[in-house]
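Step one of this worksheet: look at the structure below.
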């Protein structure tokens, strides 16, 4: 693991490109702003809808992990990273939820299953790098350095899944706001993966 000063420097540098990371900046640049919720009705294709549906559940999975860090993480860098993840992804969930309402689309349930469907949930299948129930239980039971290592390992896989989902949207989506968010996810979470690998 890098020396604390090196890890803190890495965390600070990565914070410059991540959404909601600068406490002293009230107006983020275009590359870090969350796309608006004012999606044009009828301007979304199926890829856009699926992206929003799945990314809401995926982001919620990241929040569930991040919120455990406050009283379980040992390293200050891990607590700060978890805080940044929560601050960036909660607003994006709200934005994508508003898009689905504008598009007349149903959200997935909390486990990532369309209401009325019987196929496995995202947590059951590990789709998009989602942590399984057993992995979440292990994370909840961990403390200190053990938590930090497991959190970083699980979040790297989780982020890599989000990047892949966002790339699918870039390749197949049509809605400008959804495409902008997909690009943002790729940039932000690629930077966070690099940071987490360095912390490990």
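Data for the structure
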item: Some residue of region 62-75 being assigned to a helix (DSSP H, G or I), at pLDDT 95 or above and closer than 20 Å to residue 181 by Cα; result: yes
item: Tally of residues being in contact with a helix residue (DSSP H, G or I) (Cβ under 6 Å, 6 or more places away or on another chain) and assigned to a helix (DSSP H, G or I) across region 156-189; result: 18
item: Selection count, region 29-56, where residues are in a helix (DSSP H, G or I) and either at pLDDT 95 or above or loosely packed, with under 13 Cβ neighbours inside 10 Å (or both); result: 13
item: Failed condition for residue 120, given (1) within 24 Å of residue 79 (Cβ to Cβ); (2) at pLDDT below 95; result: (1)
item: Conditions (1) part of a loop (DSSP other than H, G, I, E, B); (2) modelled with pLDDT of 95 or more: number failed by residue 108; result: (2)
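The values are calculated or read from the model by the stated rules, or taken from the named source; none is laboratory data. Only a predicted model underlies this, so the values are computations on that prediction, with no experimental measurement involved. Ideal geometry is used to build each Cβ from the backbone, glycine not excepted, and the neighbour counts take in all protein chains shown.
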